[in-house]
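The values are calculated or read from the model by the stated rules, or taken from the named source; none is laboratory data. The structure displayed is predicted, hence computed values, not measured ones. For neighbour counting, all protein chains shown are included, and Cβ atoms are generated from backbone atoms with ideal geometry for every residue, glycine included.
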Amino acid sequence: MLSIHPTKKPRKSYTLVFKLNAIGLLQFTGPTELSKLTGVPIANLKRWKQKTAVLLAFEGNKRRKNLGAGQPEEIPDTTALVAYMNKMRDNERALTCTHLVNFIKRHHRHWLQEYLEEKKKGQEYRSLLKLLQLFCARHGFTQQKPAKSKKRQNELEEIRQAFAVDFYRVHDGFSPHAIFNVDETAVYYDMPPNKIWAVRGGNSKISSGEKQSYRMTAVLGARANGEKLPILFIMRGQPGGHIERSEFESFPMGHFYAVQESAWMDERVWTYNLESLLKPQVREPSVLLVDNFDSHVIAKGHKTAE
């Protein structure tokens, strides 16, 4: 008996740029009307609209026809491992690859043994270390130098919450637009390298002039509503000297600049910051939030701020 099988119509696929254009058109017309115009099934249009956020966030080649399945995880139960890593850091514990290896030994010893047996002899733990480093980077962890803290993070959070309650109780009625927060931070540049090329067998000394990094101070300010203020850059130099007289005009517009002998904030620069940068920003009774740095709390600074 001769049987005839109907030819199956091939499924049409669409590029990501086509999907994004369709999502844009869906803001002005319904899926039914757009389906008639483009020939795209209504179900496809609705599915693309549901994935709008994912499609817009994709940073790869828009000529692709899918987002990709992502890199498969080689380490078992990655959710538990990431939770363990976050718990360690929440408790401000030092987290290293040794901790991750020990975690895997406790919970997935069989997998670890198989993984090491598959690797080239003498390269087992180097391969494992590389795998863990890539895993950490993929899940939002970076290698950093450990910093010491006098208080635990949960204690600092309690202090912050108590301060916030007290602050808004005292300054109730001020709009977020009228609350300013200002602080200074050091900016280092032209820093000396950690390693250099040197002749094999020769010395690796460098002149004293290349051992020091340069520093300036950036005065950052923002309103409580998130609006950022122009930055005041404080550079090392002599007040009224060559930098202030001749170079300021060539600096990028939109920010403010000052010079000080040590590139630090002092009474003179703080007064300049209040009068030149902050004063034009004030349009109503406002609150200025600063720390207890000497230049901030002196009587002249209080008077100028008022």
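Observations
- Restricting the first member to region 46-57 and to residues that are under 12 Å from Leu26 (Cα atoms), and the second to residues that are outside any helix (DSSP H, G or I) and hydrophobic (A, V, I, L, M, F, W, C), the beta-carbon pairs closer than 6 Å and six or more apart or on different chains are Lys49/Leu26.
- Within region 28-45, the residues that satisfy the criterion of being touching a residue at least 12 places away in the same chain (Cβ under 8 Å) and not hydroxyl-bearing (Ser, Thr, Tyr) are Pro31, Leu34, Val40, Asn44, Leu45.
- Checked against (1) within 30 Å of Asp291 (Cβ to Cβ); (2) more than 29 Å from the chain's Cα centre (by Cα), Thr142 meets all criteria but (2).
- Residue check for Leu95: closer than 17 Å to Arg138 by Cβ and surrounded by 12 or more Cβ atoms within 10 Å (Cβ to Cβ): yes
Residue by residue, here is whether (1) farther than 22 Å from Asp294 by Cα; (2) modelled with pLDDT under 90; (3) part of a loop (DSSP other than H, G, I, E, B); (4) in contact with a helix residue (DSSP H, G or I) (Cβ under 7 Å, 6 or more places away or on another chain) holds:
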site: Tyr188; (1), (2), (3), (4): yes, yes, no, no
site: Asn194; (1), (2), (3), (4): yes, yes, yes, no
site: Trp197; (1), (2), (3), (4): yes, yes, yes, no
site: Arg245; (1), (2), (3), (4): yes, yes, no, no
site: Arg268; (1), (2), (3), (4): no, no, no, no
